[in-house]
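What follows is a set of notes on a single structure, which appears directly below.
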Amino acid sequence: MQGSDGSDLWNLTLQHSPIGMALVAPEGRLVRVNPAMGDMLGYDVDELTKRGFQEITHPDDLAGDLAMVEQCLAGDIDSFRMRKRYLHADGRVVWGDLSAALVRDADGRPLHFISQILDVTEQQEQQERLTVANADLERERQALEAIFETVGVGLLLIGRDGRYERMNRRHQETMQVTFPDGHLGMAGQLADVYRLDGRTLLTAEEMPSSRAARGEEFDDYAYWVGDDPLTRSAYSTSARQVRSAAGEKLGAALAYQDITELMRAMQVKDEFVSSVSHELRTPLTSVLGYLEIIGGREDLPADVSAQLRVVRRNAARLETLVSDLLHVGELGEGRLPLQRDAVDLAALVRHAVEAARALASTSGVTLEFDAPDHLGALVDEQRIRQVVDNLLSNAVKYTRHGGSVEVLLRGGPEDIELEIRDSGIGIAAHEVEHVFARFFRGGEALQQQIPGTGLGLNIVSSIVAAHGGDVSLESEVGRGSTFRVTLPHGAD
Ligand code: ADP
């Protein structure tokens, strides 16, 4: 064959080309193949020339290839190009980009095809991997899109500059209510948005979108939307910053939850608590009054006197509960009037400690008290007594037999400090921030069935706050708790 189909140059090209090349007879036999073609399909060159292209073509691509060959032989076309699969000697598939041209003799009879085959297996595989990855991405995108649109919260994405970038349908609906005159698509646009007191409008800086745009992250930021107290809606908003994988700030994501029903239910609960406690107080005052009168009689049999004492103790307990409820009701309405007087706090705390002694000793709890002889302050005596009583009775109540309670009162240059320390059951770390919430009862208290309403500490914190003071708590489960109250000396 040497020299029969061209010059030495052609042979050299054939030998050294990185592309598979073959001369193929019209019926399909591989008359001549180059080394690159042998390498590509895993055969040596001589072996390949014993085969037809049909044998090395993947059966699924054979019909297509044959059809093109037919068209060439019929003279419809001179050449063709196709991507097809070949079979490697070891059985695996090799993808080839085939270009074939039919060479005819001087009379126009088909001589042979010149075929060039570029191995594109890697490219093909990469393309297939890309297609799979794209399909995965698309599935993920659709799933996220579905979640974005179907979750029961409004979702908003804002850019680094505070521009609104995307929101779901639910948030679009909320926006129409919040901004009936339209929204300009930038964080911080003002609207009829009020704090939870229902009266104070949020400033532009306080709008949740501005806070998020400034880089803040927050949870459960609640407010009212709308002017009319009867029809307004309440929302609770959370925000998180969005960063790229490299940590670059991209913007923020906000979630808006409609909590109107919850807020209305809480209002109803407050109103209920307030009206029930009002209704209970009048008959209870009368019961206590008559008990006082009856208790003062000299002619009562001894056993009746003892029974009356039990009745009076329980009625007094009921009165405490009712006044706690009333107090909470008043707080719910946002009013806590103070009646400030010059009070000797040392005497006040001493009396409270003395009053708690009886309970402490029946509970097997030692009670220690350390205070200066006198410590004057301008406070609401009754309310501060309530603070001390609540903290003391808790300390005794939540301390087991054999434990101790210490009460320390100190007057500093700035503030007065009252510390009530117990060696009781303690409060779990995750509960510490909740103990001052209304109706909160700790897990341990519930588990040990220690009676309580969850109102005491809420009352304590509101009275202390009304005096311009502060109450803090340190506690360790099983070791005890320390409540620390700081109060300014006088009116602020
Ligand atoms: P109550 O004592 O009626 O449940 P409080 O508002 O006084 O309500 O207290 C709220 C919760 O805080 C209690 O239920 C209890 O779990 C926890 N707590 C309060 N004081 C103490 C204390 N001194 N030691 C341990 N737990 C306490």
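Please compute the Kirkwood hydrodynamic radius of the chain from all pairs of different C-alpha atoms, in Å with one decimal. Spell out each step's value before the answer.
Working: mean 1/r = 0.0316 Å⁻¹.
Every distinct Cα pair counted, the radius reaches 31.6 Å.
Treat every Asp and Glu Cβ in the stretch 2-119 as -1 and every Lys and Arg Cβ as +1, leave all other atoms uncharged, and give the resulting dipole magnitude about the Cα centre to the nearest 20 debye. Intermediate values should be presented prior to the final figure.
Values: 11 positive and 19 negative charges, 20 e Å.
So the magnitude is around 100 debye.
When a footprinting reagent is the concern and you count Cβ atoms within 10 Å, what order do 88, 401 take, fewest first? Let's see the in-between values first.
Values: 88 15, 401 8.
Fewest-to-most Cβ neighbours within 10 Å comes out as 401, 88.
Of 118, 478, 323, whose Cα points farthest to the positive end of the dipole of the chain (charges on the beta-carbon: +1 Lys, Arg; -1 Asp, Glu; origin at the Cα centre)?
The one lying farthest along the dipole's positive direction is 323.
Whole angstrom only: what separates the Cα centroid of the stretch 222-254 from the Cα centroid of the stretch 84-101?
Cα centroid to Cα centroid, the span is 58 Å.
Report the far tail of the P(r) of the stretch 71-152, meaning the percent of Cα-Cα pairs longer than 14 Å. List each step's numbers first, then the result.
Details: 2483 of 3321 pairs.
Cα-Cα pairs in the stretch 71-152 separated by more than 14 Å: 75 percent.
In degrees from 0 to 90, rounded to the nearest 10, what is the angle of the helix 345-362 Cα long axis to the longest principal axis of the chain?
Value to nearest ten degrees: 80.
May I ask which residue of 66, 469, 374 lies farthest towards the positive end of the charge dipole of the chain, with charges of +1 (Lys, Arg) and -1 (Asp, Glu) on Cβ and the Cα centre as origin?
Of the listed residues, the answer is 374.
For the stretch 465-482 and the stretch 390-408, what is the separation of their Cα centres, given in Å?
13
For the stretch 1-77 and the stretch 324-378, what is the separation of their C-alpha centers, rounded to whole Å?
Spelled out, the Cα-based centre of one part sits 104 Å from the other.
Go ahead and estimate [θ] at 222 nm for the chain from helices alone: -39,500 (n - 2.57) per DSSP H run with n ≥ 4, summed, over the residue count, rounded to 500.
One gets -13500 deg cm²/dmol as the mean residue ellipticity at 222 nm.
Work through the residues other than residue 372 whose Cβ is under 12 Å from its Cβ and net out their charges, Lys, Arg +1 and Asp, Glu -1.
Working: positive: 350, 410; negative: 344, 370, 373, 417.
Combined, the nearby Lys, Arg, Asp and Glu give -2.
Place a +1 charge on the Cβ of each Lys and Arg in the stretch 252-299 and a -1 charge on the Cβ of each Asp and Glu, then give the dipole magnitude about the Cα centre in debye, rounded to the nearest 20.
On the way: 4 positive and 8 negative charges, 24 e Å.
Magnitude of the dipole: close to 120 debye.
Given q = 0.16, 0.18, 0.24 Å⁻¹, what are the Debye log10 I(q)/I(0) values for the stretch 151-258, with equal point scatterers placed on the Cα positions and solvent ignored?
Results for the stretch 151-258 at q = 0.16, 0.18, 0.24 Å⁻¹ read -0.66, -0.84, -1.49.
Treating the angle as unsigned and between 0 and 90°, give the value, to the nearest 10°, between the Cα long axis of helix 169-178 and the longest Cα principal axis of the chain.
40
Would you list, by chain and number, the aspartates and glutamates whose Cα falls below 19 Å from the Cα of residue 249, excluding same-chain residues fewer than 8 positions away?
Here the aspartates and glutamates satisfying the reach criterion relative to residue 249 are 161, 165, 216, 217.
Rounded to the nearest 0.05, what FRET efficiency is calculated for residue 260 and residue 176 with R0 set to 22 Å and r the Cβ-Cβ distance? Could the numbers behind the result be given before it?
Values: r = 16 Å, r/R0 = 0.73.
Efficiency, from the Cβ-Cβ distance: 0.85.
How tilted is helix 456-466 with respect to the longest principal axis of the chain? Cα atoms for both, answer in degrees (0 to 90, nearest 10).
For 456-466 against the chain, the angle is about 80 degrees.
Among 284, 355, 12, flag the residue with its Cα farthest along the positive direction of the charge dipole of the chain, charges on Cβ as +1 for Lys/Arg and -1 for Asp/Glu.
Working it through, the farthest residue towards the positive pole turns out to be 284.
Take residue 165 and residue 218, extend 7 Å from each Cα along the Cα→Cβ direction, and tell me the distance between the two endpoints in nm.
Label at residue 165, label at residue 218, 2.2 nm between them.
How many percent of Cα pairs in the stretch 229-330 exceed 25 Å?
Working: 2868 of 5151 pairs.
Considering the stretch 229-330, 56 percent of its Cα-Cα pairs are separated by more than 25 Å.
Roughly how many debye, to the nearest 20, is the charge dipole of the stretch 340-488 about its Cα centre, given +1 on each Lys and Arg Cβ, -1 on each Asp and Glu Cβ, and no other charges? Mind dumping the intermediate values first?
Values: 13 positive and 21 negative charges, 109 e Å.
Here the stretch 340-488 has a charge dipole of around 520 debye.
Restricting to Cα pairs below 8 Å that are 6+ residues apart, what does the relative contact order work out to for the chain? Please round to a whole percent.
Computed over the chain, the figure is 7 percent.
Run the simple label-point estimate for residue 106 and residue 79 please: 7 Å along Cα→C-beta, distance reported in nm.
Here the modelled spin labels are 2.4 nm apart.
A short reminder: the numbers here are calculations on the coordinates, not readings from a lab. Computed from a prediction, not measured in an experiment: that's the story for all the values here. Every residue, glycine among them, receives a Cβ derived from its backbone with ideal geometry; neighbour counts consider all protein chains shown.
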